[in-house]
Amino acid sequence: MHQISIGSLYPHQQDALQKLTNGSILWGGVGTGKSLTAVAYYIEKEAPKDIIVITTAKKRDSLEWEGEFVKYGVGSTFTTQGVLKVDSWNNIAKYTEVEGAFFIFDEQRLVGTGKWVKSFLKIAKRNRWILLSATPGDTWLDYIPVFVANGFYKNQTEFKREHVVYKTYSKFPKVDRYTGLNRLLRQRNQLLVEMPYLSHTVRHVTDVTVEHDKELFAKVVKRKWNVFTNKPLRDVTELFITMRRVANSHISRLNTIKNLLDVHPRLIVFYNFDYELEALRTLEGVTIGEWNGHKHQPIPKTKEWVYLVQYAAGAEGWNCIATDAMAFYSLPYSYKLWHQAHGRIDRINTPYRDLWYYVLKGTSLIDTAVAKALSEKRNFNESAFYSRT
């Protein structure tokens, strides 16, 4: 049987390995090495069961998990342990009839009572498993699927009856408070295995002020006019889309990227929208790679390159240790995507100590509001913002 040498793991990984049990949540920030720790757990405590990894489509397609396991004789066709299968969360229902295997649920997606949660609960009854997450639950409701899977509660109804008090005067069910907090904390602490570690990297974050066309922006906001279609705005959704396009389309953003490439010849650039991508594709004198809904290209191998990544498509599930620099062409609404995007170059095995992050921020109403939300570690909410303005 292959073994993972305890010396090949960092101290924080060794500590987590000793604490992991069936049904645990392995919680570690981006770059802490959760994947290797999960492989070590399988080799030491679960082999030779067949192993199924449920992860993001990006990680499935990149063969990242196969690369971790093959070092220890575990593969999809030949193996000295169990047989490995890696698939995406979208296909989790395919595995509800599997019995006696070991599952790794990577990049947790278990919220609410949807199809993924139902499939997860069926799988958990018949197999052993652990769950990997960079961001543990924000509320106690987020823990319901894992608590039920561990047998703490029969179902969501029992959990809510035991712990949730709803506001009495509300059109929709809204949590007022939770009861039995000592029990909840005890159960969470029983399952949550944290992997903190002292990073060897230092993040240097620079805000770069960019411009926007104030006249066009005022026309959108005050006259409710779509300056791109030359028609009145139809609704609030179109208002925000148009505001963001005016703010994000100014040439100062592209010029900033050009200047950064003079300092950092290998640069990752995160963006939101296709019109931003079209502008970034005009960069000259540098190899361009992309990861988005249109293209899934590897990071270029040339000495000078720019790698364009759309937040929703590539904020998680991959890493790059070939550069020390990243720029944010525009800001996302999601704090989780924002946090995960930063971690793409901040890895345990990066050869760099100093990492450079450049945040392009406009002074428009919308840019300022989104930046404020992210600084407060929360998502930006259009409806809430619009109601206050």
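The values are calculated or read from the model by the stated rules, or taken from the named source; none is laboratory data. These numbers come from a predicted model, not from an experiment. So basically every Cβ, Gly included, is an ideal-geometry build from the backbone, and we count neighbours across all protein chains shown. Just the protein is used for accessible areas: all its heavy atoms, side chains included, with ligands, DNA and RNA removed. Shrake-Rupley method; radii C 1.70, N 1.55, O 1.52, S 1.80 Å.
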Subject >> Selected residue [in contact with a Ser or Thr (Cβ under 8 Å, 6 or more places away or on another chain) and of a type in the set (Lys, Arg)] from ARG353, ARG344 >> reply: ARG353
Original post:
Looking at (1) open to solvent by 30 Å² or more (accessible area, probe 1.4 Å); (2) modelled with pLDDT of 90 or more, can you tell me which one ASP142 breaks?
Top reply: (2)
Original post:
Quick one: which helices (runs of 4 or more DSSP H) sit completely within the stretch 277-389 and have at least 2 residues that are over 19 Å from the mean Cα position of the chain (by Cα)?
Top reply: 365-375, 382-388
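Restricting attention to the stretch 279-293, and to residues there that are farther than 25 Å from GLU64 by Cα and touching a residue at least 24 places away in the same chain (Cβ under 8 Å), which single residue is surrounded by the fewest Cβ atoms within 10 Å (Cβ to Cβ)? Full working, then the answer.
Restricting attention to the stretch 279-293, the residues satisfying the condition of being farther than 25 Å from GLU64 by Cα are 279-286.
If we keep only those that are touching a residue at least 24 places away in the same chain (Cβ under 8 Å) as well, we get 279-283, 286.
Working: ALA279: 19, LEU280: 18, ARG281: 11, THR282: 9, LEU283: 17, VAL286: 17.
Here the residue is THR282.
Rundown of residues vs (1) closer than 24 Å to THR282 by Cβ; (2) of a type outside the set (Lys, Arg); (3) modelled with pLDDT of 95 or more, yes/no style:
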| residue | (1), (2), (3) |
| --- | --- |
| GLU304 | yes, yes, yes |
| GLY317 | no, yes, no |
| PHE328 | yes, yes, yes |
| GLY343 | no, yes, no |
| ASP346 | no, yes, no |
| LEU355 | no, yes, yes |
Original post:
For the stretch 142-206, which fully contained strands (runs of 3 or more DSSP E) count at least 1 residues that are touching a Phe, Trp or Tyr at 6+ places or on another chain (Cβ under 6 Å)?
Top reply: 175-178, 192-194
**OP:** Please find, within the stretch 89-108, the residue that is modelled with the lowest pLDDT out of those that are buried (at least 19 other Cβ atoms within 10 Å of the Cβ) and not aliphatic (A, V, I, L, M).
**Re:** GLN108
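Can you tell me which of LYS85, LYS58 is assigned to a strand (DSSP E or B), on the phi < 0 side of the Ramachandran plot and of a type in the set (D, E, K, R)?
Working: LYS58 fails: assigned to a strand (DSSP E or B).
Within the list LYS85, LYS58, the selection yields LYS85.
Would a scan of the stretch 172-182 turn up a residue that is out of contact with any His (no Cβ under 6 Å at 6 or more places or on another chain), open to solvent by less than 60 Å² (accessible area, probe 1.4 Å) and acidic (Asp, Glu)? If you could, list the steps in order and put the result at the bottom.
Narrowing the stretch 172-182 to residues out of contact with any His (no Cβ under 6 Å at 6 or more places or on another chain): 172-177, 181-182.
Then keep just the ones that are open to solvent by less than 60 Å² (accessible area, probe 1.4 Å); that gives 175.
Applying the additional criterion that residues be acidic (Asp, Glu) yields none.
No, every residue in the stretch 172-182 fails to be out of contact with any His (no Cβ under 6 Å at 6 or more places or on another chain), open to solvent by less than 60 Å² (accessible area, probe 1.4 Å) and acidic (Asp, Glu).
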Subject >> the stretch 294-332, residues that are crowded, with 19+ Cβ neighbours inside 10 Å and of a type in the set (Asp, Glu) >> reply: GLU316, ASP324
**OP:** Could you please find all residues in the stretch 211-232 being more than 14 Å from ARG244 (Cα to Cα) and part of a loop (DSSP other than H, G, I, E, B)?
**Re:** THR229, ASN230
Original post:
If the Cβ limit is 6 Å and pairs must be 6+ apart or interchain, which residue in the stretch 9-32 that is in a loop (DSSP other than H, G, I, E, B) pairs with which residue that is open to solvent by 60 Å² or more (accessible area, probe 1.4 Å)?
Top reply: ASN22/ARG128; THR32/TYR197
**OP:** Scan (1) basic (Lys, Arg); (2) under 23 Å from GLY362 (Cβ atoms); (3) surrounded by fewer than 15 Cβ atoms within 10 Å (Cβ to Cβ) for the single condition ARG244 breaks and write down its number.
**Re:** (3)
Original post:
Does GLU162 fit the bill of being of a type in the set (Asp, Glu) and surrounded by 14 or more Cβ atoms within 10 Å (Cβ to Cβ)?
Top reply: yes
**OP:** Scan the stretch 317-332 for residues that are under 24 Å from SER88 (Cα atoms) and free of Cβ contacts under 8 Å to residues at least 60 places away in the same chain and report the count.
**Re:** 1
Subject >> Those residues of the stretch 333-367 which are among the acidic types (Asp, Glu) and surrounded by 20 or more Cβ atoms within 10 Å (Cβ to Cβ), in sequence order >> reply: ASP346, ASP367
